[in-house]
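Just below is one structure, and these are the notes that go with it.
Quick note: the coordinates plus some simple rules give every number you see, no bench work behind them. All figures in this text were calculated on a predicted structure; none of them were measured in a lab. All Cβ positions, even for glycine, are placed from backbone atoms using ideal geometry, and neighbour counts span all protein chains on display.
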């Protein structure tokens with residue numbers, strides 16, 4: 001026997017002793033498509049929307065706590081709760097296909113850091129997961145979606161995209177939040193889901209008629225939860241939070257002229273003071289705009305006409321800001337601008353006096369708003385004469 005033959009035989013024997021990749025049958029897995037997370041009394045509860053591809057005949061027993069394809073588990077952290085869910089079933093939980101996370105109000109009030117830490121540390125998960133808030137018992141989010149759609153998670157994604165397209169709010173992913181939280185200040189809004197109960201007669205004839213609707217937005221300022229606003233208020237809130245330029249259409253009824261101005265830059269400064277037992281909120285905003293369009297026409301402008309357009313633009317920006325502050329701060333009591341932090345920095349004694357009822361305090365506060373907005377650039381279609 002040649003030396004080469006002996007070497008090949010020895011190598012083949014060694015290869016047989018090596019461990020390779022473990023082969024899993026599809027029926028050995030439970031695919032997690034959505035996760036709802038709650039937080040109470042220092043512990044997290046997770047509800048996993050699972051897809052079971054295996055044939056139940058002859059398959060391992062169903063995981064403990066599984067109801068309507070929703071697996072419930074608890075733990076001191078999100079990772080611990082997921083680990084305990086895995087221990088409850090002989091099948092392998094596959095998190096790589098999870099696309100939606102739904103958070104209760106208690107999770108929002110406590111902290112997002114543990115949720116994001118879980119998604120950042122575990123490579124099996126996807127950072128592109130969409131994040132929703134939920135008004136009510138968070139377990140209803142997964143159970144209702146299971147009972148009401150052939151593909152419940154796709155239905156939630158579609159619901160979010162339709163509202164985003166309508167301009168009410170921007171969908172956020174885990175990656176968006178992880179990147180943004182490294183910046184200060186950082187503000188964002190999560191869409192809020194709510195369970196709506198249908199006709200009981202329809203439930204008897206066609207099964208559950210409950211449905212999930214987007215009813216508003218959960219606001220965060222400097223990564224801290226400040227409150228929820230209804231859907232009709234979420235659009236002005238989005239405009240305040242947005243760092244991107246937005247077109248503002250100014251209607252000038254005197255000359256039947258509409259102009260479109262895109263926001264180029266914006267700076268906002270806030271201050272809060274406590275004077276004579278009364279909270280005063282000071283807001284200063286400066287904004288520059290790019291004149292994009294004038295009734296869709298190419299034309300020449302004189303200085304007088306440009307000045308009138310500038311004044312109309314400033315009046316419209318002031319109106320929008322005043323309306324937004326009235327609806328978000330006055331009506332909803334949401335400190336979207338960070339007045340609490342400003343008061344804590346300047347007058348800590350007043351802050352600690354008011355902080356326990358801060359939402360009510362900002363609703364009753366005196367507002368001091370000053371806005372400066374000017375057209376600083378003009379599109380190439382127009383020339384000033």
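From least to most packed, judged by other beta carbons within 10 angstrom and beginning with the fewest, 304, 125 follow the order 304, 125.
Listing 291, 87, 103 from fewest to most neighbouring C-beta atoms within 10 Å gives 87, 291, 103. FRET efficiency for the pair residue 128 and residue 258, taken as 1/(1 + (r/R0)^6) with r the Cβ-Cβ distance and R0 = 35 Å, rounds to 0.35.
Spacing of the modelled spin labels on residue 284 and residue 323, each 7 Å from Cα toward Cβ, amounts to 2.7 nm. In this label model, residue 305 and residue 87 are separated by 7.6 nm, measuring between points 7 Å along each Cα→Cβ vector.
Our Cα-only numbers for segment 275-364 put the radius of gyration and Dmax at 19.1, 58 Å. In this rough spin-label picture, where each label sits 7 Å from Cα along the Cβ direction, the residue 366-residue 277 distance is 1.4 nm.
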